[in-house]
Amino acid sequence: MPDHIDFNRVQERSAPGSTNGASRRDDIFDKTHAFTRADEAMALGVYPYFKPISGQGTGTVVVDGREMIITGSNDYLGLTQDPRLQEAASAVFDRYGTSCTGSRFLTGTLELHEELERRLAGFMGAEAVLTFSTGFLGALSVISALAGRQDILYFDRENHACLYDGARLSFGTLRKYRHNDLEDLERLLEKDAGKPGGRMIVTDGVFSMSGHVADLPGIVELARTYGARVAVDDAHATGVLGASGRGTPEHFGLQGEIDLVIGTFSKSFASVGGFVAGPEPVVKYVKHHARPFIFTAALPAMQVAATLKALDIMETEPQHREKLLANAERLRGGLGGLGYDTLGSETPIVPVVIGPDDLTVIFWKALWEGGVFTTPALPPGVPQNQSLIRTSVNATHTTQQVDALIEVFSRVGRDLGVIG
Ligand SMILES: Cc1ncc(COP(=O)(O)O)c(C=O)c1O
């Protein structure tokens, strides 16, 4: 085993063919030659990423001709295999073909986009909704369009990368507070109290790696005190949390209190795309200013139709969410009962903390050999020495599949001395 597996680290050594000394001009490709960690892991048979799937079943995938139980996908309601979504997508295929080929701004807006925006605004209890080609682009669009030169963004340190990249693309100032630590957030808000510019507190509703839920009631209170807006990226909560699946605002009884909800169609909606729900003037502003919205092709009709069908199902069939939550509780209880640290998750994302990177990769490999398709989360995706296996279940996992997952985690954990 290598002493340390870090797929993002670039080794500090000369690239092939390079010469030492000041006369040598730097080549922008040098870093690519120096990046050897992925090859090393592949040579050792412990490279866990980009595993090609050749088929999908309920709770399973086929890889290299072998059927494996999948854990860690975001198909929370299990709708990717629902024939009604597939029929809805193929019905519009005949009308609109394979692509919009143009930006929403120019030739790419379909009546279907507007129908989805109206329907989602109703579902989210918002004045308006704008949809995007991915959730990532939605977050980039909202944050970069809104945060101007004097504005200050307050980010939970563990926010998703799309929010961070939105801040980098904006002209605003970024302040990071410790994860879910509202005292730290207040300290920062207080420090900036006399400064000009608007403020926005930005947080994941459910954090994608830990499964933690943001303390929205506390955030809303601080926002009121310090005159800040609140934006919540609810990618992992829409369709999942709240009495009717409307996400973390509903979970906390705060519907109508959150200024902006950013979402995705690539998880519970079993499609692709993203959205922002909020006040009409804000949505209109983003629509006319956000470069990652204006300068990219519109969401294809098939994805819009599948999303609309998923929304119908979310609104009328609570049994999928109920089954998801029951499966998640079984998985959480099972893994926690074995002695794993699951970071106190309360959601269908159940992290299993292994700790050191190398052990986590070995653990992943043993799970893989045991017929479990999953992936490890290593730094910088998680803090140092907090590497983990991100598990989650879907509404379509059977109880037997959940139990089989727990059984493999039990065996592997004991074999590797992670649990007693
Ligand atoms: C919290 C969060 N926000 C946004 C996204 C981006 O969503 P999309 O897949 O639609 O680009 C993700 C996806 O991983 C996510 O976890």
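Every number in this text was worked out from the coordinates using simple rules, so none of it is lab data. From a predicted model like this one, the values you see are computed outputs, not experimental measurements. Note that we place each Cβ from the backbone using ideal geometry, even for glycine, and neighbour counts take in every protein chain shown.
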Mind listing the long-range amide H neighbours of TYR177? Cut-off is under 5 Å, sequence gap 5 or more, other chains count too, H placed in the peptide plane at 1.01 Å from N.
PHE155, ASP156, ARG157
Going by the alpha-carbon gyration tensor, a ≥ b ≥ c the square roots of its eigenvalues, is the chain rounded (a/c under 1.5) or, if a/c is not under 1.5, prolate (a/b greater than b/c) versus oblate?
rounded
Assigned charges on the beta-carbon of Lys, Arg, Asp, Glu; region 82-316 dipole about Cα centre (debye)
720 debye
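Cα gyration tensor of region 82-316, axes a ≥ b ≥ c as square roots of the eigenvalues: rounded (a/c below 1.5), prolate (a/b > b/c) or oblate?
Since a/c reaches 1.5 and a/b is larger than b/c, the shape of region 82-316 is classed as prolate.
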Relative contact order (percent) for region 275-420, with alpha-carbon contacts under 8 angstrom and 6 or more residues of separation?
23 percent
With θ taken as phi - 60° and the coefficients 6.51, -1.76 and 1.60, list the Karplus ³J(HN,Hα) couplings across region 174-189 in order, rounded to whole Hz; mark glycine and proline as x.
9, 10, 10, 9, 4, 3, 6, 10, 6, 5, 5, 4, 5, 4, 5, 4
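Can you classify region 47-193 as rounded, prolate or oblate using the Cα gyration tensor, where a ≥ b ≥ c are the square roots of its eigenvalues, rounded means a/c under 1.5, and otherwise it's prolate if a/b beats b/c and oblate if not?
Since a/c reaches 1.5 but b/c is at least a/b, the shape of region 47-193 is classed as oblate.
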Take the alpha-carbon centre of region 72-86, take the same for region 197-220, and report the distance between them in whole Å.
26 Å
I need to check one value: relative contact order of region 82-316, counting alpha carbon pairs closer than 8 Å and at least 6 residues apart, in percent.
31 percent
Counting only DSSP beta bridges with both residues in the chain, tell me the antiparallel percent, nearest 5.
60 percent
About its Cα centre, how strong a charge dipole does the chain have in debye, to the nearest 20, once Lys and Arg get +1 and Asp and Glu get -1 at the Cβ?
820 debye
per DSSP, antiparallel bridges as share of beta bridges in region 218-306, % nearest 5, sits at 60 percent
The distance between the Cα centres of region 356-407 and region 337-354, in whole Å, is 11 Å
Scoring the chain by relative contact order with C-alpha pairs under 8 Å, at least six apart, yields a percentage of 21 percent
